[in-house]
Each structure stands twice: as structure tokens, then as C-alpha cells.
Amino acid sequence: MYNKHQVVMVRAKGATVWDETGREYIDCVAGYGVANIGHGHPDVVKAIKDQADRLIVMPQTLPNDKRAEFLTELVGVLPQGLDRVFLCNSGTEAMEAAKKFAITGTGRKRFVSMKRGFSGRSLGALAFTWEPKYREPFGDAVDNRNVDFITYGDIEQLRAAVTDETAAVILEPVQGEGGVRPASIEFMQEARRITKEKGALLILDEIQTGFCRTGKMFACEHSGVVPDAMTLAKAMAGGLPVGALAMTTEVADRMPAGGHGTTFGGNPMTMAAGVAALRAMKRENMAEQAREKGAYFMEKLRAIGSPKIREVRGLGLMIGVELKEKSAPYIAALEHEEGVLTLQATPLVVRFLPPVTISKEQIDQVVAAFARVLE
Ligand SMILES: Cc1[nH+]cc(COP(=O)(O)O)c(CN[C@@H](CCC(=O)O)C(=O)O)c1O
């Protein structure tokens, strides 16, 4: 299933990864935007070791101190009003939860999602995912008959699509896999206004944009929009598998008792890592680091001035370089010839998702390497 690279990665620290031969790479993949605080952050490592000695497994029917600590930390950084959380183990699971809580939360069954949007690969989340190649192999097992797809950023289409049958609008503040496309502040604010007007929920998918990636703790802060629910995952627990649906009490209370659940969600080991990760993000001011380094990184990428580059875009350290030709060969050359790891976001875009802790020197090395492979 996976496009397996011909390397074996064995160790990592900060923004550096080593393969089994000892070769060093600068990591601008970071686990698909998971290692925001850097590989092997000492606080996370210590938290995992300590918790492993105390308690690894405890289901959510049995309250746990670390889980409570994590939920307090998380609600403390979430936008005001999102003070109820369903804990799970991946972004896809968070999207599945979002779908169920939206249906019980509104009594409605229709959704509005975005062209080029990516919500995950389960059959439920795939209904919100635009790219046909992800859906077609499964035919009508992916049931998106109640999903209206609109052009990302098109306010008129959004206004026409949201009706009093719409349970929720699903929206990434920056489309990640769909090509690193930031939404305009106006589109975000209109999405909030229109959904409120029609009694639909606004569900922001911050699975990739969350946790300092875009220069704020959450990308919705750039527009001041507060959603009714927010899906979270990737960087939330310092690298351990995690997902969550954060929502208002109004949405949470309409789910019948026992209406959803998970075995591993809220796992104490993951929660301990998450407490350490969230505290490190705040203490090391990682949102500001992402803002400042992201601006620097994009300025340097634009300064390459290659005729092969169509556009450098992004927000904070969520960066995409759209080329005028397929990006795959350049991603391969960066890895094999230059020791820089990057990833795609649609066939023409090279995506850079480095740890927020990447150094300016490493950014300079990445830009110089990219300039060389573009020659
Ligand atoms: C916005 C968004 N929503 C949902 C998901 C699903 O999360 P999870 O179930 O934890 O993978 C992802 C994964 N984004 C990566 C796609 C991974 C894949 O190809 O599958 C990515 O952006 O590459 C997202 O970026």
C-alpha cells in the first residue's frame, strides 16, 4: 500500500533523523505534521517513561489523573466555549466522531464539505474527502449522497449549499493534503456567520493545522472564528497516536449516553505525553516560533527565483511550493541527493512540515538544497 522509500530510519532528535547507515536528514515531513515540538522532546520522553512505570492502560469508564490533567491543559488552550472533548486515537476517528456528534447535535443528516478537502480514510470520513482516487476503489460503500462539495473559499457556493437540512460544514482552515491552501479570513468568518444563521454546526478540521503549526495554537485564531466543534490529532500528544473532537456543551450533551466510544481513547500513557507536549508548546512559545520561522522560510523559498516555481504559499510552518511540473522527482532528489525529507500535497506541490523547533541554519540548508535540485 505504501510507497516505501529505500531507507530504514532508526533515530531522530529535534528536526534531524538518522537512517540505519548513520546518514543524517533534515526532516520536513515530521511524521506528516506530527512532530511539531521536535523528535524526542526531553519532556515528552520523561513523561512517557514515568507514566509507563505508573499506569499505561485505563479505559474512560474509569477516571484517571493523567487524563484529567490533559483535558484541563487542552481545554485551557482551546477557543473559548469548546470545553467538552471526546478522546480517540487518530484524525480519522476524530472525523468519525464529528459526523456522529453533528447528527445527534442537530437532528440533521446533510453535510457540506470542500473540494480538495481531506478528512481521513475510513468509510465514514471518506464521505467528506474529495479526491476520487481515495474513494473510487470502494464504490458506494463510501456513502456521500448527503454531502455537498463546494469550491474551497467560494462564499456564494457556501451560502447556497448550507440549508436548514445541513448538520454541519466541514472545513480545514488550511487545506493540507489538498495542496497547502490557506482559507481567506473572509471565507472563515462567512462560514461562521452562515452556519449560525442556518442552525448548522461549523466543524473545523485542525488535525494538521493545530498545535502551533500555522503560527497560532490553532489556525482558527487567525480569523477569530470559534467553531462549534474541532477535530484534533497529529501533534497533540508529542508523537503518540491520538485524536479528539473538541466541542461545545450544547453539542456534547445531545449525544445519548453510550452513543459513541473507544477502547484506547484517553490512554494514560498518551495523556501523559500530551500534557508534556502542550506545556512545552506554551513554555517554548512555539506558535510564535512557527510564525516567525515560517515567514523566514517562505521568504527564502521565494528568493530562490526558480522558473520552475509557480507559487510559494502557506501559513506559519505549513508551507507548500507549487511547481510547474510534477513534484515527485524533486522530493526524491531532496531525499537521496540532499538528505532533506519533504512530502507531496497533490502532484505539483512540495509540502514542508518541519518541527517548529527547526533551526534557521537548518532552514537555510533546506532552501539551498531545494535550489540545487531545481537547477
Ligand atoms: C486535515 C486532515 N484531516 C484528517 C486526517 C486524517 O488523520 P489520520 O487518520 O490521523 O491520518 C489528516 C491526515 N493527513 C495526512 C494524510 C495521511 C494519509 O495519506 O492517509 C497528510 O496530510 O498527509 C488530515 O491532514
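Name the residue, out of Leu278, Leu245, that is touching a residue at least 40 places away in the same chain (Cβ under 8 Å), of a type outside the set (Asp, Glu), under 21 Å from Cys220 (Cα atoms) and not in a helix (DSSP H, G or I).
Testing whether each residue is touching a residue at least 40 places away in the same chain (Cβ under 8 Å), of a type outside the set (Asp, Glu), under 21 Å from Cys220 (Cα atoms) and not in a helix (DSSP H, G or I) leaves just Leu245.
Please find, within segment 335-356, the residue that is surrounded by the most Cβ atoms within 10 Å (Cβ to Cβ) out of those that are within 22 Å of Glu24 (Cβ to Cβ) and among the β-branched types (Val, Ile, Thr).
Among those that are within 22 Å of Glu24 (Cβ to Cβ) and among the β-branched types (Val, Ile, Thr), it is Val356.
For Val312, which of the numbered conditions (1) under 21 Å from the mean Cα position of the chain (by Cα); (2) without any contact (Cβ under 8 Å) to a residue 60 or more places away in the chain; (3) in a helix (DSSP H, G or I) fails to hold?
All conditions are met except number (3).
Quick check on segment 347-355. Is at least one of its residues touching a residue at least 60 places away in the same chain (Cβ under 8 Å) and among the aromatic types (Phe, Trp, Tyr)?
Yes, that holds for at least one residue.
Go through (1) out of contact with any helix residue (DSSP H, G or I) (no Cβ under 9 Å at 6 or more places or on another chain); (2) buried (at least 16 other Cβ atoms within 10 Å of the Cβ) for Gly120 and report which single condition fails.
Gly120 satisfies all of (1) out of contact with any helix residue (DSSP H, G or I) (no Cβ under 9 Å at 6 or more places or on another chain); (2) buried (at least 16 other Cβ atoms within 10 Å of the Cβ) except (1).
Within segment 29-112, considering only helices (runs of 4 or more DSSP H) that don't extend past its boundaries, which have at least 1 residues that are within 16 Å of the ligand (Cβ to nearest atom), over 24 Å from Ala127 (Cβ atoms) and within 24 Å of the chain's Cα centre (by Cα)?
Ranges flagged: 30-33.
Let's see how each residue does on (1) loosely packed, with under 12 Cβ neighbours inside 10 Å; (2) closer than 26 Å to Glu177 by Cα:
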residue	(1), (2)
Asn3	yes, yes
Val8	yes, yes
Asp27	no, yes
Tyr32	no, yes
Ile37	no, yes
Pro42	yes, no
Val45	no, no
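So Ile331 fits all but one of (1) of a type in the set (Val, Ile, Thr); (2) closer than 30 Å to Pro42 by Cβ; (3) assigned to a helix (DSSP H, G or I); what number is the exception?
(2)
Identify the single condition in (1) within 30 Å of Gly238 (Cβ to Cβ); (2) more than 16 Å from the ligand (Cβ to nearest atom); (3) small (Gly, Ala, Ser); (4) surrounded by 15 or more Cβ atoms within 10 Å (Cβ to Cβ) that Ala332 does not satisfy, given that it satisfies every other one.
(4)
Checking Gly294 against (1) closer than 30 Å to Glu73 by Cα; (2) without any contact (Cβ under 8 Å) to a residue 24 or more places away in the chain, only one condition comes out false. Which one?
Result: Gly294 passes all but (2).
State all residues of segment 194-236 that are crowded, with 24+ Cβ neighbours inside 10 Å, of a type in the set (Gly, Ala, Ser) and either away from the ligand (no atom under 15 Å from the Cβ) or touching a residue at least 60 places away in the same chain (Cβ under 8 Å) (or both); if no residue qualifies, say none.
Within segment 194-236, Ala200, Gly215, Ala219, Ala229, Ala233, Ala235 qualify.
Only one residue in Lys300, Lys293, Lys308, Lys326 is buried (at least 20 other Cβ atoms within 10 Å of the Cβ), of a type in the set (Lys, Arg) and away from the ligand (no atom under 16 Å from the Cβ). Which one?
Lys293
Looking only at segment 196-239, which residues are in a loop (DSSP other than H, G, I, E, B) and under 24 Å from Thr104 (Cα atoms)?
The answer is Gly199, Ala200, Glu206, Ile207, Val225, Val226, Pro227, Asp228, Ala233.
Bear in mind these aren't lab numbers, they're just calculated from the coordinates by the rules spelled out. Worth saying up front: this structure is predicted, and the values here are computed from it rather than measured. Every residue, glycine among them, receives a Cβ derived from its backbone with ideal geometry; neighbour counts consider all protein chains shown.
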